[in-house]
Ligand code: PMP
């Protein structure tokens, strides 16, 4: 379209470039709850919405001295580009970290570091997903992963989970149904430990069964495990990757066991996939941050990082207990999961309540949560919400749940 030879843009008033975006950009839509979260970050609001680790529990001095030593002893390396696979000394430490989850016998060469595990998720999606492909994921699933899959124009199909995690029979049925429809399933995305948002853990008994179903159907497993070491009682069962090195891509992260500000995560992948991941990383970012990786590596070499993870466990356990007690006291008419680790409790409400509709009222009462719909690709979750106990103090959690009870009871006209 031209007027007097001048090209006219076919956009709208808000964005003159609207018509020019690639189709995949349609997946980048800000959620309606995002604006409310801006309000919810006011200090007077108790936010049970975000998943921010309580970094104040970290030994700030030790981190500071790690940074200083990195600059003193390895300054030119820290300030330089690195390799696409990441810094070798850090990848050695990562093998030790994964050893705590039962992963043994992996080689440093099989580890690729990334800018948080979120970026590894993006690279895996970029390598495997074409428009129209299907990713299987628990019902509900991590909102940030579903956003990545959507950005590659894939569809997420949910598989039922219960108190023991993903239900094997439901997985079998879903695969058979989708195959019957001629759909192409690329991988199963799963968070087996202290699930975000559901708070449940895949039982040891089900792990080999889930892997066997995927193996029989030639479906790759993408195991996302940022919370595995943050258990409150028993450690989580061994990682899926420890049972099937060829069929699983494992994603790990220092965001929850150390600090998300470093943006250091990793993927452990079967050999051929690992090569492609490195190429994807080099094409997207050349190399992950040398400085961040070296500081994390130095911290792991010199600090009692296992002891620090124990400290985090204690902090989060106390907060989880505070949340469960407050729910029992103030909201006995609802039901919830009682996680044995991680950051989240999944609350189910009576059908007459809608967590998305209720959120503005909650923010007026100075409490915020994440509506359940955020964690489903198919519109489900209206009668559920995710409460996180990682960041607020136990006192703030009690106050927040009390305020939530006022909102819920108000909606129920009690
Ligand atoms: N996976 C899950 C399940 C998460 O909860 C998160 C962060 N909330 C991530 C991946 C991404 O974490 P990061 O990029 O900080 O490692």
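The values are calculated or read from the model by the stated rules, or taken from the named source; none is laboratory data. Quick caveat, the model's predicted, so the values are computed rather than measured. Using ideal geometry, Cβ is built from the backbone for each residue, glycine included, and neighbour counts are taken over all protein chains shown.
When we screen 116, 132 for residues that are at positive phi and more than 14 Å from the ligand (Cβ to nearest atom), the only hit is 132.
Candidates in segment 51-104 are the residues that are touching a strand residue (DSSP E or B) at 6+ places or on another chain (Cβ under 6 Å) and in a loop (DSSP other than H, G, I, E, B); of these, the one that is farthest from residue 300 (Cα to Cα) is 51. Looking at (1) over 21 Å from residue 121 (Cβ atoms); (2) in contact (Cβ under 8 Å) with a residue 60 or more places away in the chain; (3) surrounded by fewer than 18 Cβ atoms within 10 Å (Cβ to Cβ); (4) within 21 Å of the chain's Cα centre (by Cα), which one does residue 160 not meet, given that it meets all the others? The one condition residue 160 does not meet is (2). Residues that are over 24 Å from residue 313 (Cα atoms), at pLDDT 95 or above and within 13 Å of the ligand (Cβ to nearest atom) do occur in segment 94-113, at least one of them. In the set 121, 127, only one residue is buried (at least 23 other Cβ atoms within 10 Å of the Cβ) and touching a helix residue (DSSP H, G or I) at 6+ places or on another chain (Cβ under 8 Å); that residue is 121. Of all the listed residues (412, 366, 331, 404), the sole one being touching a residue at least 40 places away in the same chain (Cβ under 8 Å), farther than 25 Å from residue 203 by Cα and in contact with a strand residue (DSSP E or B) (Cβ under 6 Å, 6 or more places away or on another chain) is 404.
Just wondering, is there one or more residues in segment 249-263 that are touching a helix residue (DSSP H, G or I) at 6+ places or on another chain (Cβ under 8 Å), under 25 Å from residue 133 (Cα atoms) and away from the ligand (no atom under 15 Å from the Cβ)? No, segment 249-263 contains no residue that is touching a helix residue (DSSP H, G or I) at 6+ places or on another chain (Cβ under 8 Å), under 25 Å from residue 133 (Cα atoms) and away from the ligand (no atom under 15 Å from the Cβ).
The set of residues from segment 184-220 being loosely packed, with under 15 Cβ neighbours inside 10 Å and either within 16 Å of the ligand (Cβ to nearest atom) or under 16 Å from residue 156 (Cα atoms) (or both) comprises just one member, 184.
Give the residues of segment 221-234 that are in contact with a helix residue (DSSP H, G or I) (Cβ under 8 Å, 6 or more places away or on another chain) and away from the ligand (no atom under 11 Å from the Cβ), sorted by residue number. I'd like the intermediate steps shown before the answer.
Of segment 221-234, the ones in contact with a helix residue (DSSP H, G or I) (Cβ under 8 Å, 6 or more places away or on another chain) are 221-224, 226, 229-232.
Passing the criteria: 221, 229, 230, 231, 232.
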